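Heads up, the thing below is written out as structure tokens.
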Amino acid sequence: MTDHLNKKEVLRQGAGAAWPICLGYLPIGLAFGVLAQKVGLPWWAVAMMSVMVFAGSAQFICVAMLGAGASAAAIILTTFVVNLRHVLMSSVLAVYLRGVNRAFLALYSYGVTDESFAVNLTRFRDGAWDRWRALTVNHLANATWFAATVCGALVGQFVPQGALGIDYALTGMFICLLVFQLQGRVHILTAFLAIAISIAWYLLIPGDSYIVGASMCAATLGYMIKRHTRRSKP
Amino acid sequence: MTFPDYLVLFGGMGLVTYLPRALPLLYLAHRKMPQWLIDWLDLIPVAILSALLAPTLLADTAARTFQFGKLELLVAIPTLLFALKTRSLGGTVLVGMLLYWLGGMVY
């Protein structure tokens, strides 16, 4: 990892994996910056938040709550609940980062988002991926998020809405990463279960609990079905 | 709000965001995990991705009501087929964006 060529290669491959995330972060980051500025946050507060929090949905909720006059305690509590889903992602990543030193893990954890998790996990599963490339993905995504949100706060109101279908970048990325995860019948079944449970939960229960709730229910059902079919075979 | 107000607010938000991201990784990466946990965690990514996508594709996210046949869903079908056929992440993202952009003009 010390020689120059290798570092370049890690950066190149990391960037090759990260660009769909970065593309998706541009419109969302810009939109966030515009919104924050409308609520009255100065650009440096947007910069501070993107560095200190780095969580898209929680940042949007924070700005909405600030606009509604919520207390800091209420905002922090909501952030905690919204980001609990990362417990699941962090646990899954532990399978691939086994035995890695704690300093690295502490730095790596900072960059665990829905997007970087999905991209890195897919690469880890395919093999030919390591923690340095994964860390590069995290940091490039973070840098893009930072730049896009600050740009949004400064000049966001001049950017046209919905240009070039860029609002679909993250949806398209999630669809493709979902396809990569479909490695067997149990995975396909789990996907259908998760969609059904998620949409029902989303419609019935306010808030964001549908993500954690549906994922855990669907994975548990899928796991039970897998065990059952394994056992019933002679 | 002043700088110290923002520091307290973002510091608190940052902490409750960081801990759920860090603690499971720091704890589990240095323990031997039981097989049932590994098998269960194996199904979590597919479940999370599906759960995240479902409202985008099947609901009116402003009104939080069921909606079948929205543009996001119609575009998702060829995007999914393209992903299955090519297994290219970058290509799929670009095809999805292009179709969504074109679809927005006629839909």
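What follows draws every value from the coordinates through simple rules; no lab data is involved. Remember, it's a predicted structure, so these values are computed and weren't measured experimentally. Note that each Cβ is placed from the backbone with ideal geometry, even for glycine, and that neighbours are counted across all protein chains shown.
To the nearest 20 Debye, how big is the dipole of segment A:123-200 about its Cα centre, given +1 on the beta carbon of each Lys and Arg and -1 on that of each Asp and Glu?
The dipole of segment A:123-200 has a size of about 240 debye.
Need one number: nm distance between label points at A:LEU107 and B:LEU84, each 7 Å from Cα along Cα→Cβ, rounded to one decimal.
4.2
Which of A:LEU77, A:VAL179, A:ILE61 sits farthest toward the positive end of the charge dipole of chain A, with +1 on the Cβ of Lys and Arg and -1 on the Cβ of Asp and Glu?
A:VAL179
Within the set of other residues whose C-beta is less than 10 Å from the C-beta of A:MET89, count the net charge using Lys and Arg as +1 and Asp and Glu as -1.
+1
Averaged across the residues of A:183-193, what count of C-beta atoms belonging to other chains lies within 10 Å of each residue's C-beta?
3
Could the peptides A:221-227, B:2-8 be put in order, highest first, of the mean number of other beta-carbon atoms found within 10 Å of their residues?
Result, highest mean first: A:221-227, B:2-8.
So, with +1 on the Cβ of K and R and -1 on the Cβ of D and E, and no other charges, what is the size of the charge dipole of chain A about its Cα centre, to the nearest 20 debye?
960
Counting only other chains, and only Cβ atoms inside 10 Å, what mean value do you get across the residues of A:209-217?
Mean partner-chain Cβ count within 10 Å for A:209-217: 4.
Zone of B:MET1 (label point 7 Å along Cα→Cβ, backbone N under 12 Å): which residues in segment A:17-41?
A:36-37, A:39-41
How big is D, in µm² s⁻¹, for segment A:183-234 by Stokes-Einstein at 25 °C and 0.890 mPa s if Rh is the Kirkwood radius over C-alpha pairs?
212
Could you list A:HIS187, B:HIS30 so that the one with the fewest beta carbons within 10 Å of its beta carbon is first and the one with the most is last?
B:HIS30, A:HIS187
Starting at the first residue of segment A:60-69, write each ³J(HN,Hα) from the Karplus equation 6.51 cos²θ - 1.76 cosθ + 1.60 with θ = phi - 60°, in whole Hz, x for Gly and Pro.
4, 5, 4, 5, 4, 5, 4, x, 8, x
Just want the answer: with Cβ charges of +1 for Lys and Arg and -1 for Asp and Glu, which residue in A:PHE32, A:LEU107, A:TYR96 is farthest toward the dipole's positive end in chain A?
A:TYR96
Starting from segment B:49-100, pick out the chymotrypsin sites (Phe, Trp or Tyr not before Pro) whose DSSP state is loop and whose Cβ has at most 15 other Cβ atoms within 10 Å.
Counting only loop positions with at most 15 other Cβ atoms within 10 Å, the chymotrypsin sites (Phe, Trp or Tyr not before Pro) in segment B:49-100 are B:PHE68.
May I ask you to list the aspartates and glutamates whose Cα is less than 19 Å away from that of A:LYS8, ignoring any residue fewer than eight positions away on the same chain?
A:ASP130
What is the mean number of Cβ atoms from other protein chains located within 10 Å of the Cβ atom of each residue in peptide A:139-150, rounded to a whole number?
Mean inter-chain Cβ contacts per residue within 10 Å come to 0.
Each residue of segment A:81-88 in turn: what ³J(HN,Hα) in whole Hz from Karplus with 6.51, -1.76, 1.60 and θ = phi - 60°, glycine and Pro shown as x?
Coupling constants for segment A:81-88: 5, 4, 8, 4, 4, 5, 4, 5 Hz.
Report the relative contact order of chain A, percent, no decimals, based on alpha-carbon pairs under 8 angstrom and at least 6 residues apart.
33
How tilted is helix A:43-52 with respect to the longest principal axis of chain A? Cα atoms for both, answer in degrees (0 to 90, nearest 10).
Once rounded, one gets 20 degrees.
Based solely on C-alpha atoms, express the radius of gyration and the Dmax of the protein assembly as shown in angstrom.
Rg then Dmax for the protein assembly as shown, in Å: 19.8, 69.
Cα centroid distance between segment A:1-77 and segment A:131-187, in Å?
When both Cα centres are located, 11 Å separates them.
For A:LYS38, give me every one of the lysines with a C-alpha distance below 16 angstrom, ignoring sequence neighbours fewer than eight places off in its own chain.
Leaving aside lysines fewer than 8 places away in the same chain, none come within reach of A:LYS38.
For the pair A:ARG227 and A:ALA196, how long in nm is the line joining their label points, each one 7 Å along Cα→Cβ?
Simple spin-label model gives 2.1 nm for this pair.
Show me the trypsin sites (Lys or Arg not before Pro) within segment A:97-172 that DSSP assigns to loop and that have at most 14 other Cβ atoms within 10 Å of their Cβ.
A:ARG98
Using amide H atoms built in the peptide plane, which far-off residues or other-chain residues are under 5 Å from B:ALA59 H to H?
Under 5 Å from the amide H of B:ALA59 lie the amide H atoms of B:GLN67, each far enough along the sequence or on another chain.
Once R0 is set to 41 Å, what does the formula 1/(1 + (r/R0)^6) return for the Cβ-Cβ distance between A:ALA143 and B:ARG31, expressed as a FRET efficiency to the nearest 0.05?
0.80
Within chain B, which trypsin sites (Lys or Arg not before Pro) sit in a loop by DSSP and count at most 15 neighbouring Cβ atoms inside 10 Å?
Hits after loop and neighbour filter: B:ARG31, B:LYS32, B:ARG64, B:ARG87.
Counting Lys +1, Arg +1, Asp -1, Glu -1, what net charge surrounds B:PRO45 among other residues with beta carbon under 14 Å of its beta carbon?
-2
If each of A:ARG98 and A:ARG185 carries a label point 7 Å out from its Cα toward its Cβ, how far apart are those two points in nm?
According to this spin-label approximation, the distance is 2.8 nm.
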